[in-house]
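What follows is a single structure, written as structure tokens, with notes after it.
The values are calculated or read from the model by the stated rules, or taken from the named source; none is laboratory data. All of these numbers come straight from a predicted model, not from anything done at the bench. Note that each Cβ is placed from the backbone with ideal geometry, even for glycine, and that neighbours are counted across all protein chains shown. Ligands, DNA and RNA are stripped out before the accessible areas are found, and what is left, the full protein with its side chains, is counted by its heavy atoms. Shrake-Rupley method; radii C 1.70, N 1.55, O 1.52, S 1.80 Å.
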Amino acid sequence: MSTFDGSPSAPTAQPGHLERLLVTAADLADASLDDFTELASPSSDEDPPPMTGPTPELTALLNKAFNDKAAREVRTSFMNADSSIVVDEGVSERAAGAAVAWMADMRQVYVQCAAWTMNIGDQEITVQVVDPADDPSEPLKVEQRFGDEALMRTMLAGPVGQQAQITTLLVREGDRALELTFRSLTVEPGGPEAARLATAMSRFLELAPAKFLSRP
């Protein structure tokens, strides 16, 4: 989604300014990500489905946080050769103070909601948040590396045996934010698929935040 509300309080951006902060196909080879190609259009360019938390207050928080609208946003997606890993990236610019408030809401989601449900059509899908202490991607260490603040969590969505694994890194720098999300099926710890996913995540975690933060 890419919108610009034109209000005086919204940050201004020259055409292409935010796009230059996104990873491109040309960046992949230099980062040893030759197995990935850029999709023709972002894979997650739709509004999130309705969510239900353990209480009405947390339901409101979930839907507020995940449906937050930036003043301006650009997105891209990448997929590996066998379509087992999809990487979504979004860069957004928000009105003054709005990025701080959004990050605060997302922190509250993960602090207060260990699980919730999403309603997609007539399906109700359970989402479970992986405890950071049990997550091999070591999100609490990753968060210390980037921007004014960062937040990283892994979620498992769907029934046991068919769960999707979704790991998202949020990085805020001033009024801008980066969203970097890795989607795959759950993998067996210690197996070759887990190693391949860990390698891809590590390389994208070096590439995307560095470009977003304009660091070499």
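Structure above, values below:
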{"quantity": "Count - residues of the range 152-162 that are open to solvent by less than 40 Å² (accessible area, probe 1.4 Å) and part of a loop (DSSP other than H, G, I, E, B)", "calculated": "1"}
{"quantity": "Residue check, D82 more than 17 Å from the chain's Cα centre (by Cα), of a type outside the set (G, A, S) and assigned to a loop (DSSP other than H, G, I, E, B)", "calculated": "yes"}
{"quantity": "Some residue of the range 185-195 being buried (at least 17 other Cβ atoms within 10 Å of the Cβ) and either modelled with pLDDT of 95 or more or under 24 Å from D68 (Cβ atoms) (or both)", "calculated": "no"}
{"quantity": "Filter result for the condition that a residue is more than 12 Å from the chain's Cα centre (by Cα) and of a type in the set (A, V, I, L, M), over L140, L178", "calculated": "L140"}
{"quantity": "Tally, over the range 158-186, of residues that are in contact with a Lys or Arg (Cβ under 9 Å, 6 or more places away or on another chain) and without any contact (Cβ under 8 Å) to a residue 40 or more places away in the chain", "calculated": "5"}
{"quantity": "Criterion (more than 30 Å from A40 (Cα to Cα), without any contact (Cβ under 8 Å) to a residue 40 or more places away in the chain and surrounded by fewer than 19 Cβ atoms within 10 Å (Cβ to Cβ)) met by exactly one of E138, E149", "calculated": "E138"}
{"quantity": "Tally of residues being open to solvent by 40 Å² or more (accessible area, probe 1.4 Å) and either in contact with a Pro (Cβ under 9 Å, 6 or more places away or on another chain) or under 20 Å from M152 (Cβ atoms) (or both) across the range 82-96", "calculated": "1"}
{"quantity": "Flag if S202 is open to solvent by 10 Å² or more (accessible area, probe 1.4 Å), among the hydroxyl-bearing types (S, T, Y) and closer than 19 Å to S92 by Cβ", "calculated": "no"}
{"quantity": "The range 167-184, residues that are open to solvent by 10 Å² or more (accessible area, probe 1.4 Å) and either under 23 Å from A29 (Cβ atoms) or in contact with a helix residue (DSSP H, G or I) (Cβ under 6 Å, 6 or more places away or on another chain) (or both)", "calculated": "R172, D175, T181, R183, S184"}
{"quantity": "Any pair with Cβ under 7 angstrom, 6 or more apart, that starts in the range 46-75 at a residue that is over 17 Å from D105 (Cβ atoms) and ends at one that is hydroxyl-bearing (S, T, Y) and open to solvent by 50 Å² or more (accessible area, probe 1.4 Å)", "calculated": "R72/S2; R72/T3; V74/S2"}
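For every residue, the table says whether it meets (1) under 23 Å from F182 (Cβ atoms); (2) of a type in the set (D, E, K, R); (3) exposed (fewer than 12 other Cβ atoms within 10 Å of the Cβ).
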| position | (1), (2), (3) |
| --- | --- |
| D30 | yes, yes, yes |
| D35 | yes, yes, no |
| E57 | no, yes, yes |
| A65 | yes, no, no |
| D68 | yes, yes, no |
| N80 | yes, no, no |
